[in-house]
Amino acid sequence: MSPQAFWLLKLNDYQAIVSIVKFADGRHSVAAIGPAVNYYQNDDNSLAQAIDESLSQAAQSASILPEMEPDDLALILPPGWIDQEGKIIDQKKKNIESFCRQLKLKPIGFIPSDEALVESLNSKDGFPASFILLEIHPTDFSLSLVYLGKIKNRLIQPTPDGFYPGAVEQRLIELTDNSTLPPQIYLTGDYTPTHLEMIKNYSWIGKKDFETFLHFPDIIDLSLSELLTHYLSVILGQFNQPNQSVQPEIEVAVEDTTAPVIATPTLEETSASDFGFSNLEVETVVDNPPPEIELPPPVVASQPPKPEFKLPKISLPKLNLKFPRVKFSFGIILAVLPAILALLFVLAHAKVQLFITPIDIGSSETATLDSNLASQKTIDLDLSESKPATGKLTKGERAKGDVVIYNSSAKAQNLSRGTIILDDKNQKYELSTSVQVPASSVNFDSGTITMGQVSTALVASEIGPEYNIDKNVKLTFKDSAISSLAARVKSQLSGGSRSEVSAVSQADKQALEATIKTKIEESIEQKLNQEINSISGILKSTLKIEKNRLEFNREVGEEADTISVESSNKVTVYYLTSEQKETIIKQYLSSKHPGIQFKYDLSKIDIDYLANKLTIKGQVIPVVDTSALRKQITGKSLSTAENIIKTKYQRVYNFQITTNYSIFKFLPLPFIGRNIEITSQ
């Protein structure tokens, strides 16, 4: 009998998704689906936290109180977690035991994800299904090749450069043994619309040298809810409830008992002790448990006859080969056998291919950039620009000359520099210097008055030729208070002139400033594209542009035919050479993972610098000590070698061991270590 409610946990090597299944109105249904939560491989705490987070959100979405949450847990596991005997491998069993202890969950059974889908699709049409199951992950993809309801082959292919359908086709060719594939591909996992479009648009047929499919395959993408529909139908089939069928939206309703029943015995029920949980104590308190309702036994209809599949008979021509009879004595066999075995072991070769889980690195460390840590690139931009001056300036000279000033007063008069004198047109002139005009004198004998006089320089107040005055022209003082004074041009006032010349206007300066600034920006952009961005390992956050003050050769209002401006600018940026980048990565790895060797692609590890923080992000792959592994598996049986890799090399998530004598499966691996080739990726 199935539990009233249970958790359905789907796991892969990096992600956990928990759903809650409830029973109501005579049927099971998925009440809520938790989010996909990532975790770190072989980190029990990380795995438990991921499951707990997804489980909690599923319970919250289903409005289930913590005290009413079920304890039972059904597991959908990756195929790689199951050994050849159909049991969970030891390490993964320990991981499951750990999170079940932490979260107080009771595992009620498990099934590999691909086998669950095969069982469900077999039941769907009533006859064995044939298809290709493609599951896409961020760093790899897995393939399961299904023929007539059985999984024929499985493999996992890392995708360090991203997913591409051509890689899928290549691996399928290796699996087909020159036979055509079932023209149906089921797509699951972390695929995106881009992945789906790539797969649908890929040219699966029409190849010149080979033909993988007879016709273009159907591409069927399975959403998470659709996968859960298949999983749930298979799980419920294991609870001896053949009267239930899966409805849309992941609901299981009571099925018409006249329908045929197809048994699906793949889900392996297990007790806590089978997982190593014999000491696990989980106390569950349920208030007023519902009474058990005994359902009537199901009525099983007779099975319809299955279609027969007949293979065509193939007749081979008879070969009449006669070999001479040779009598071998038992002694000859014993004599030759050591030589045969020695020859076999000398010529025996094995290849071990390891698929290693990469480690995500991410760290921010305080650092100061200098010549020891990074290199600096400096570009000087000395720019200039000029344009014709469009302003106008009126210029000229003021008229100059000497005048005689007369004083009719009996008192001397003092005149300051700049005293204004007017001509008959009221044009102004100024005294060039201060002067004292003597007082007048009277000669009583002759009866004459002699006015005091003094000669001084005079200059026009404005420029222009109109200020030029002939000799002996009379002038008057502007200040009426000194009416006793009079003046006369002593010599001609001349030199007055006026003309219009080119000069710098405010508009000229503003236009030139805008032009030089645009030129600066364009030059900087050009340098960035041509010299800066082409630098490998550039730290873009360190880019610094210094724009110095603009220097003009003329000011506004100054006479000039042209105006020019100069600007000195500087662009600096730090970058990492391959050697510097590798040094930084090695220092980081040695501090975070002492004693472990790694291999990595420098182009796929990002290093940036911002606010005195050096940030490192990317993936590295631990390096397996192939010498040690070779010594450990030399001369060992295949099963022993596989167990050594599984138990002692935790970062290896998959591996393949092939020999050039695979037909003799009972033979051990080569006894000569150099005949064992070990590669990793």
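What to note about this one:
- The loop-placed GluC sites (Glu not before Pro) in segment 69-171, going by DSSP, that have at most 16 neighbouring Cβ atoms within 10 Å of their Cβ come out as GLU85.
- Restricting attention to segment 411-494, close to 100% of DSSP beta bridges with both partner residues there are antiparallel.
- Centre separation in Å (Cα based) which lies between segment 116-172 and segment 540-617: 47
- The ranking of LYS517, LYS150 by Cβ neighbour count inside 10 Å, starting from the fewest, reads LYS150, LYS517.
- Cα-projected label distance for ASP470 with LEU224, points at 7 Å along beta-carbon direction, nm: 11.2
- In order along segment 457-468, phi translates into HN-Hα couplings of 8, 10, 9, 5, 6, 10, 7, x, x, 5, 8, 6 Hz, rounded to whole numbers, per the Karplus curve 6.51 cos²θ - 1.76 cosθ + 1.60 with θ = phi - 60° and x for Gly and Pro.
- Length gained when the stretch THR615-ASN643 is fully extended (0.36 nm per residue, less Cα-Cα span): 6.2 nm
- With a cut-off of 15 Å between beta carbons, the residues surrounding LYS200 carry a summed charge of -4, where Lys and Arg count +1 and Asp and Glu -1.
- Spin-label model distance (nm) - GLN453 vs GLN157, 7 Å beyond Cα toward Cβ: 12.2
- Selection from PHE655, LEU629, LEU669, by position along the positive dipole direction of segment 625-681 (Cβ): LEU629
- Prolate/oblate/rounded label for segment 411-494 (Cα gyration tensor, a/c 1.5): prolate
- Whether segment 467-616 is rounded, prolate or oblate, judged on the alpha carbon gyration tensor where a/c under 1.5 counts as rounded: prolate
Each reported figure results from applying straightforward, stated rules to the coordinates on display, with no laboratory input. No experiment lies behind these values; they were computed from the predicted model shown. Heads up, the Cβs are rebuilt from the backbone with ideal geometry, glycines too, and the neighbour counts pull from every protein chain shown.
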